[in-house]
Amino acid sequence: MKRRNIFLILALFSLLFTGCKYDFIIPVDVPVIDNRGQPISFASQIVPVFSTGDKCTQCHKPGGLGSPDLSNPTTVYSQIVPQYVNTATPESSILYVNASSGNHYAKVSATQAALILTWIKEGAKNN
Ligand code: HEC
């Protein structure tokens with residue numbers, strides 16, 4: 001009898017814990033980009049993200065540690081589109097993931113990440 005009670009209590013407890021399983025999803029603050037109704041400009045808003053503070057270009061330059069070359073404004077578009085962007089599922093774009101996840105060597109700011117994502121969602125244009 002006692003054994004059964006213990007079993008019942010255990011069963012109840014396990015129900016309690018599995019039934020009320022709570023996934024701690026850390027909310028990611030994705031800033032809303034207000035571009036005054038204009039599309040994001042690759043040349044003036046995306047390219048500088050890579051070079052500001054030498055964040056990406058310290059490695060992504062000719063002779064640097066990493067390829068693609070993100071340092072030359074005139075060739076950077078052909079270096080990353082279409083290879084590293086996926087306009088069908090923008091969040092899975094390697095460029096965006098590497099820049100924003102923190103799993104690559106450098107991480108851009110939340111606003112810069114949102115800029116990149118918005119630009120990809122808008123079709124990753126060379127504008
Ligand atoms: C410390 C050096 C370093 C920095 C800083 C760096 N990267 Fe890289 N990156 C690499 C190396 C090395 C590779 C190639 C191996 C790899 O994918 O890890 C690479 C590869 C990549 C690739 C291609 C991945 C593939 O699958 O071929 C992309 C896109 C990229 N980096 C984007 C970025 C962006 C955007 C930044 C800035 C936010 C950045 N990287 C900062 C070293 C760096």
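The values are calculated or read from the model by the stated rules, or taken from the named source; none is laboratory data. Since this is a predicted model, take the numbers as computed values, not measurements. Every residue, glycine as well, gets a Cβ built from its backbone with ideal geometry; the counts of neighbours run over all protein chains shown. SASA here: full protein model, heavy atoms, side chains in, ligands and nucleic acids out. Shrake-Rupley method; radii C 1.70, N 1.55, O 1.52, S 1.80 Å.
Per-structure values
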read-out	value
Selected residue [under 18 Å from the mean Cα position of the chain (by Cα), aliphatic (A, V, I, L, M) and at pLDDT 95 or above] from Val97, Val76, Val32	Val97
Count of residues meeting criterion [touching a residue at least 24 places away in the same chain (Cβ under 8 Å) and part of a helix (DSSP H, G or I)] in the stretch 87-110	6
Evaluation of Tyr84 against (1) outside any helix (DSSP H, G or I); (2) in contact (Cβ under 8 Å) with a residue 60 or more places away in the chain (one fails), failing number	(2)
Any hit, the stretch 46-63, residues being within 8 Å of the ligand (Cβ to nearest atom), open to solvent by less than 90 Å² (accessible area, probe 1.4 Å), β-branched (Val, Ile, Thr) and outside any loop (DSSP other than H, G, I, E, B)	yes
Residue ID - farthest from the ligand (Cβ to nearest atom), chosen from residues in the stretch 83-96 that are loosely packed, with under 14 Cβ neighbours inside 10 Å and of a type in the set (Gly, Ala, Ser)	Ala88
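Residues are listed down the side, and each one gets a yes or a no for (1) within 12 Å of the ligand (Cβ to nearest atom); (2) more than 19 Å from Gly53 (Cβ to Cβ); (3) loosely packed, with under 13 Cβ neighbours inside 10 Å:
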{"residue": "Tyr77", "(1), (2), (3)": "no, yes, no"}
{"residue": "Val81", "(1), (2), (3)": "yes, yes, no"}
{"residue": "Asn98", "(1), (2), (3)": "yes, no, no"}
{"residue": "Asn103", "(1), (2), (3)": "yes, yes, yes"}
